[in-house]
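K.L.:
Structure incoming, see below.
The values are calculated or read from the model by the stated rules, or taken from the named source; none is laboratory data. The structure displayed is predicted, hence computed values, not measured ones. All Cβ positions, even for glycine, are placed from backbone atoms using ideal geometry, and neighbour counts span all protein chains on display. Only protein heavy atoms, including side chains, enter the accessible area calculation; ligands, DNA and RNA are left aside. Shrake-Rupley method; radii C 1.70, N 1.55, O 1.52, S 1.80 Å.
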Amino acid sequence: MDVGSVTKKRDIALAELAAAENTAAIEAVRVRYLGRNGLIPALMKDLKNVAPAERPAVGREINAFKKTFTDLLAERTAGQAATRPPATASGRLMFDSSLPGVWRQPGTRHPVNRVIEDVVDIFSNLGFTVADGPDIETEYHNFDALNTPADHPSRDIQDTFWLDDKYLLRTQTSPVQIRVMERQKPPVRVIAPGRCYRRDATDATHSANFHQVEGLYVDDNVSMADLKGDIAYFARRLMGPGVKVRFRPHFFPFTEPSVEYDFSCHRCNGKGCRLCKNSGWIEISGAGMVHPRVFSAVGYDPDTVRGYAFGMGIERIAMIKYGIEDIRLLYENDVRLLEQLIG
Ligand code: DAH
């Protein structure tokens, strides 16, 4: 061993270290040169066999070798943690399994969207297609064509956001019924999810902006039995196989007869619990047979067509289904709530 051979070995070692492509390769070079059985300790041990006259110079060269190697090693290790794995000659990135991973919060669909998708999915199995209408509606579509009298309280400034004396923010998805029938002859089978607006003060069960889904089925032989059967199918698919449906007489201007429908409580199986306020039933929404005046308004012959319609509040269903007790939680986008609904 002499000074020249140590210098040559140093050059090879530095070149190998510089070429090491990732943390694992750097570590392998380190072990080869600085490890217990590495080259640098071996050179140190071998120093005693060098002629005494040469020994100090060779010793200095080995020390310099160790220092430059250690310095470059520190540089490479620090750089490695901060940079991406380098591209190989082929241009592909090397996968460095020693780097710490990055954890990402998985995304989840919002409960309101989930219920809309579920409702659309279930009714599409019954042959319904999705229809759409504008959020800014005319008084005619939102009220008049739906047989809602001019003095009906829902038209009141307290209930409706009026934009001027003709346009308003729709208070319900029912005007989509009118828009669909205006442009399409029977048979009609549509489901229409969308935003609705009412001048309600916000509290645990009210929001000025909420969602409904409207359903409309018109043909020459549609009956109340179809309505009940379809709603019952929907209830079982949405809430669980044991859920029953009950109709209670009600009034809506655009249906006759009209009903409100309830689902038996899926939580207690109708026995009575906090969710159903011990009644065994949960009120869902309204439905009925399309009023002959609604058919007349869209140019259908009320003597030859029959139809049923229903509407439902999406937030209400989301709250019942996911056990959310305050509607405001649905709009705060607090990840602590949304996280619980992953899956
Ligand atoms: N539009 C009604 C509401 O907002 C809900 C409704 C009731 C829709 C009966 C219907 C229906 O289509 O037939 O309260």
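K.L.:
Open to solvent by 40 Å² or more (accessible area, probe 1.4 Å), aliphatic (A, V, I, L, M) and out of contact with any Lys or Arg (no Cβ under 7 Å at 6 or more places or on another chain): does that describe Leu341?
P.N.:
Criteria not met by Leu341.
K.L.:
Follow-up. Conditions first: (1) open to solvent by less than 50 Å² (accessible area, probe 1.4 Å); (2) among the charged types (D, E, K, R); (3) assigned to a strand (DSSP E or B). Arg248 passes all but one, so which condition is the exception?
P.N.:
Exception for Arg248: condition (1).
K.L.:
What tally of residues in the stretch 296-321 results from selecting those that are touching a Ser or Thr at 6+ places or on another chain (Cβ under 9 Å), within 15 Å of the ligand (Cβ to nearest atom), in a helix (DSSP H, G or I) and hydrophobic (A, V, I, L, M, F, W, C)?
P.N.:
Residues that pass the stated criteria total 1.
K.L.:
In the stretch 322-343, what residues are touching a Leu at 6+ places or on another chain (Cβ under 7 Å) and in a helix (DSSP H, G or I)?
P.N.:
Correct list: Tyr322, Leu329, Leu337.
K.L.:
Could you please tell me which pairs satisfy a Cβ distance under 6 Å, a separation of 6+ or placement on different chains, a first residue in the stretch 311-329 that is assigned by TED's automatic domain parsing to the domain that holds Gln212, and a second residue that is of a type in the set (Asp, Glu) and at pLDDT 90 or above?
P.N.:
Gly311/Glu214; Ile327/Glu315
K.L.:
Scan Ala131, Ala145 and give me the residue that is aliphatic (A, V, I, L, M) and either open to solvent by 40 Å² or more (accessible area, probe 1.4 Å) or touching a strand residue (DSSP E or B) at 6+ places or on another chain (Cβ under 8 Å) (or both).
P.N.:
Sole residue among the options that is aliphatic (A, V, I, L, M) and either open to solvent by 40 Å² or more (accessible area, probe 1.4 Å) or touching a strand residue (DSSP E or B) at 6+ places or on another chain (Cβ under 8 Å) (or both): Ala131.
K.L.:
Yes or no: Glu256 surrounded by fewer than 20 Cβ atoms within 10 Å (Cβ to Cβ), of a type outside the set (Ser, Thr, Tyr), within 16 Å of the ligand (Cβ to nearest atom) and not in a helix (DSSP H, G or I)?
P.N.:
When the stated conditions are applied, Glu256 passes them.
K.L.:
Here is a follow-up. May I ask you to list the residues in the stretch 323-334 that are over 10 Å from Thr205 (Cα atoms) and open to solvent by less than 60 Å² (accessible area, probe 1.4 Å)?
P.N.:
Those that are over 10 Å from Thr205 (Cα atoms) and open to solvent by less than 60 Å² (accessible area, probe 1.4 Å): Gly323, Ile324, Leu330, Asp334.
K.L.:
Is it fair to say Met239 is of a type outside the set (Val, Ile, Thr), in the same structural domain as Ala201 (by TED's automatic domain parsing), within 11 Å of the ligand (Cβ to nearest atom) and open to solvent by 20 Å² or more (accessible area, probe 1.4 Å)?
P.N.:
Taking the combined requirement at face value, the residue does not satisfy it.
K.L.:
Tell me, which residue of the stretch 172-193 that is out of contact with any strand residue (DSSP E or B) (no Cβ under 6 Å at 6 or more places or on another chain) and open to solvent by 10 Å² or more (accessible area, probe 1.4 Å) is nearest to Glu139 (Cα to Cα)?
P.N.:
Arg179
K.L.:
Just to be sure I understand, how many residues within the stretch 24-64 are within 13 Å of Thr77 (Cβ to Cβ) and surrounded by 17 or more Cβ atoms within 10 Å (Cβ to Cβ)?
P.N.:
Going through the stretch 24-64 one residue at a time, the tally reaches 4.
K.L.:
Evaluate the stretch 195-204: report whether one residue or more is touching a Lys or Arg at 6+ places or on another chain (Cβ under 8 Å), within 12 Å of the ligand (Cβ to nearest atom) and modelled with pLDDT of 95 or more.
P.N.:
So far as the stretch 195-204 goes, yes, one or more of its residues are touching a Lys or Arg at 6+ places or on another chain (Cβ under 8 Å), within 12 Å of the ligand (Cβ to nearest atom) and modelled with pLDDT of 95 or more.
K.L.:
Does Arg274 satisfy the criteria of being within 22 Å of Pro249 (Cα to Cα) and open to solvent by 30 Å² or more (accessible area, probe 1.4 Å)?
P.N.:
The answer is no for Arg274.
K.L.:
Quick one: which of Phe247, Phe254 is among the aromatic types (Phe, Trp, Tyr) and in contact (Cβ under 8 Å) with a residue 60 or more places away in the chain?
P.N.:
Phe254
K.L.:
Can you pull out the residues in the stretch 196-215 that are surrounded by fewer than 14 Cβ atoms within 10 Å (Cβ to Cβ) and among the charged types (D, E, K, R)?
P.N.:
Hit for the stretch 196-215 is Asp203, nothing else.
K.L.:
Scan the stretch 266-287 and give yes if some residue there is out of contact with any His (no Cβ under 7 Å at 6 or more places or on another chain), at pLDDT 95 or above and within 11 Å of the ligand (Cβ to nearest atom), otherwise no.
P.N.:
Within the stretch 266-287, one or more residues are out of contact with any His (no Cβ under 7 Å at 6 or more places or on another chain), at pLDDT 95 or above and within 11 Å of the ligand (Cβ to nearest atom).
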